[in-house]
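The values are calculated or read from the model by the stated rules, or taken from the named source; none is laboratory data. Just so we're clear, the structure is a prediction, and the values are computed from it rather than from any experiment. For neighbour counting, all protein chains shown are included, and Cβ atoms are generated from backbone atoms with ideal geometry for every residue, glycine included. SASA here: full protein model, heavy atoms, side chains in, ligands and nucleic acids out. Shrake-Rupley method; radii C 1.70, N 1.55, O 1.52, S 1.80 Å.
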Amino acid sequence: MTRFLRIFLLAMTLCFALGPQGASAMPLFSRKLGVPCETCHTTIPRLNETGYKFRAAGFRLPEMIGKSEDKAFELGDYFSARLQARYDTQVTNQPNSAPVANVINNVAGARKTTNALSFQEFTLYPLTGSWGKYFGSLAELSTSPEDVFEIENAYARFVFGKSDRFFTSRVGIFHPWEGFGASDRPFSNARPFFQTVPISAGGRGIPYVFQPWGLDEAGAEVGVDVKELSLRAAVLNGTLVRWNEEANSFLPFPAQTGPWKGANQAVSALNKPFNSPAHSTPDFSANATYLLNSNGGGISLLYYRGNLATPTHCTDGTAIGKTNSGTGEACGVTAASASAPFGTVGNTDFDLSTATAFRNNLDRVAVYASYPIGKHFLPQGGYQYGRDTIPVSAATFPVNPALKKFDSKGAFADGSYMFNQYFTAGCRYDWFKPKYAVSTFNTQWAVTPYVNIPLQNGFQVIAEYQHRDFQLNASNHRQNDTFQARMIFIK
């Protein structure tokens, strides 16, 4: 904790030495409209009502829908770039924060400390803004060391109507939803557990890797804004799961492309396998948001219906986590042991066909609520209920598998205090039970105090400390204590 405090104070000293010099939230919009960041934000990156409506109207003020733009085109009004670096310190009784499946006999090991200063991400925002009377677009392309560009957003938007009643639609690749208040981006670095923690991501059994946030899918969305009410519905390409050799486990990916690139061309990477059980079935999402207060007060209801081809066997017929009686090779990764604390990788030949996988029909329903008390304090919270499909017995699969459902539940409560436009502090409590059953010991919870310091000149620091507890069985827990300071510059 002493080390955390020293690092935190040093970061704060350096940031305040830079001093505030103007305004830039998404600087391209500030440059184009000549307005300060508080026009659209409470504390960056959170949006107020003006910012929420501005985005929904295709990056224009709603009263400008259907009106010609007078300002001549300037590239700087449609282009921004962002740099992010971070410092992390973690103290844990699980090596390298490995998956829970790596815990030997459900007993966590000795406490270990790791430190890292890293370059996190470089992001480009080209061709972003309003076009003509009715159109808008957003492109968000991010890359990290030794990685290609990740497409987080790449969509075109069409809007039509009046300032207090307009139709909005978009097509392309986009985030799962556009939130407000408690459903908006957090003040902290980490999002609530139930948004980003998969049901299971280990390589020891059937992998349930879907997460509501972080998988930016290709799709088409339509909606309407009527005064304080926003309604949205979208059809999406969905998500896919595949084995990742570096992580030695299954990981989720968004389906951002179709089944082919063109005649006689190779199938692209972010595409569902053509012979998988979930190949031709799209996902569906819907959400409703009612704005109660312009400074972050609102209620949001979200629903997601998805389907995901989920493997149960290797192509040789061996169930995941089991050993082939003929070859002696395990399918996936063996259980952790003293000699191999991360397990031993065996056969990783998975084809996700109807013979070796089943279709997980999944549902997520979430409700978020927030309302400011006075001018500075914002309490907020959220709750999510989920259902996933599982074969009754993997041993009898794939011959006429019987399917059943299991539930997951999660919640968070957050309170933040905005001292001024340069400093916001708060604390969040998370609770998540990936498989909700009394006899299942897998509850996770965390307490996360944080500070958010936007210097209104393109620089921003977001720092947080998190104490996190993973329940392993009736008497054993894995605990992480993490400090992260993220330094951001955008112009």
### Message
Compute the distance from the alpha-carbon center of segment 319-340 to that of segment 128-147, in whole Å.
### Response
45 Å
#### Entry: For segment 305-376, with +1 on Lys and Arg beta carbons and -1 on Asp and Glu, the positive-most of Asn324, Cys314, Phe358 along the dipole
Phe358
## Note on the structure
Residues whose built amide H sits under 5 Å from the amide H of Ala156, excluding neighbours closer than 5 in sequence, are Val171
### segment 60-73 - phi-based ³J(HN,Hα) in whole Hz, Karplus 6.51/-1.76/1.60, Gly and Pro as x
8, 5, x, 5, 9, 4, x, 10, 6, 8, 7, 6, 5, 5
### Message
If I model segment 290-378 as equal point scatterers sitting on the Cα atoms and use the Debye formula, what is log10 I(q)/I(0) at q = 0.17, 0.21 Å⁻¹?
### Response
-0.78, -0.98
### Task
Put one equal scatterer on each alpha carbon of segment 340-491, apply the Debye formula with no solvent term, and list log10 I(q)/I(0) at q = 0.12, 0.15, 0.16, 0.19 1/Å to two decimals.
-0.80, -1.03, -1.08, -1.22
### Query
Tell me, what is the 1.4 Å probe accessible area of Leu75, in Å² to the nearest 10?
120 Å²
#### Entry: Residue order for Ser200, Ser408 - accessible surface, 1.4 angstrom probe, largest first
Ser200, Ser408
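In terms of solvent-accessible area of protein heavy atoms at a 1.4 angstrom probe, what is the ranking of Val235, Val91, highest value first?
Final ranking, largest accessible area leading: Val235, Val91.
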### Query
Given the pairs Lys227/Lys405; Lys112/Lys433; Lys227/Lys435, which span a C-alpha to C-alpha distance of over 28 angstrom in this model?
Lys227/Lys405; Lys227/Lys435
### Task
Report, please, the projected area of segment 288-328 averaged over directions, based on the convex hull of its C-alpha atoms, in nm².
5.5 nm²
### Task
Can you tell me which of 51-57, 348-354 comes out highest on packing, and rank the rest after it, using the mean Cβ neighbours within 10 Å?
51-57, 348-354
### Message
For a quick size check, give me the Cα extents of segment 25-72 along its three principal axes, largest first, whole Å.
### Response
31, 19, 11
## Note on the structure
Ranking Lys435, Lys32, Lys112 from most to least accessible area with a 1.4 Å probe gives Lys112, Lys435, Lys32
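Expressed in whole Å with the largest first, what are the equivalent ellipsoid semi-axes of segment 51-200 derived from the C-alpha gyration tensor as the square root of 5 times each eigenvalue?
41, 19, 13
With N residues in segment 111-184, what two-decimal value do you get for its Cα radius of gyration over 2.2 N^0.38 Å?
Details: Rg = 17.5 Å, N = 74, 2.2 N^0.38 = 11.3 Å.
My calculation over the Cα atoms of segment 111-184 gives 1.55.
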#### Entry: Residue-wise HN-Hα coupling along segment 104-115, computed from phi with Karplus coefficients 6.51, -1.76, 1.60 (Hz; x: Gly, Pro)
6, 6, 6, 10, 5, x, 6, 5, 9, 10, 10, 10
### Query
So what J values fall out for segment 426-433 if you push phi through Karplus, 6.51 cos²θ - 1.76 cosθ + 1.60 with θ = phi - 60°, rounded to Hz, Gly and Pro as x?
x, 8, 10, 10, 10, 9, 8, 10
### Message
Along each principal axis of its Cα atoms, how long is segment 410-491 end to end? Whole angstroms, biggest number first, please.
### Response
52, 19, 19
### Task
Please express the Cα-Cα pair-distance distribution P(r) of segment 238-359 as a list of whole percents, one per 10 Å bin, running from 0 to the bin with the greatest distance.
12, 30, 26, 18, 10, 3, 0
### Percentage relative contact order, segment 216-352, counting C-alpha pairs under 8 Å, at least six apart
19 percent
### Message
With an 8 Å Cα cut-off and a minimum separation of 6 or more residues, compute the relative contact order for segment 111-175 in percent.
### Response
23 percent
### Task
Using only alpha carbon pairs under 8 Å that are at least six residues apart, calculate the relative contact order of the chain and give it in whole percent.
16 percent
### Task
Using only the Cα atoms of segment 154-212, each taken as one equal point scatterer with no solvent, compute I(q) by the Debye sum, divide by I(0), and report log10 of the ratio at q = 0.30 Å⁻¹.
-1.17
### Task
Can you send over the solvent-accessible area of Phe459, 1.4 Å probe, protein chains only, in Å² to the nearest 10?
80 Å²
## Note on the structure
When the charge dipole of segment 84-189 is computed with +1 at the Cβ of Lys and Arg and -1 at the Cβ of Asp and Glu, the Cα pointing farthest to the positive end, of Ser130, Phe167, Thr143, is that of Phe167
### the chain - Rg (one decimal) and Dmax (whole number), Cα, Å
23.4, 74
#### Entry: Ordering of 137-147, 420-430, 169-179 by packing [mean C-beta count within 10 Å, highest first]
169-179, 420-430, 137-147
### Task
Could you tell me how many degrees, from 0 to 90 and to the nearest 10, lie between the Cα long axis of helix 2-18 and the main elongation axis, the longest principal axis, of the Cα atoms of the chain?
30 degrees
## Note on the structure
Once all protein chains are kept in place, Ile299 shows an accessible area at probe 1.4 Å, nearest 10 Å², of 80 Å²
### Summary
Label model pair Ala156, Ala81: point-to-point distance (7 angstrom along the Cα→beta-carbon line) in nm is 2.7 nm
### Message
Given segment 433-481, report the % of alpha carbon pairs whose separation exceeds 15 Å.
### Response
59 percent
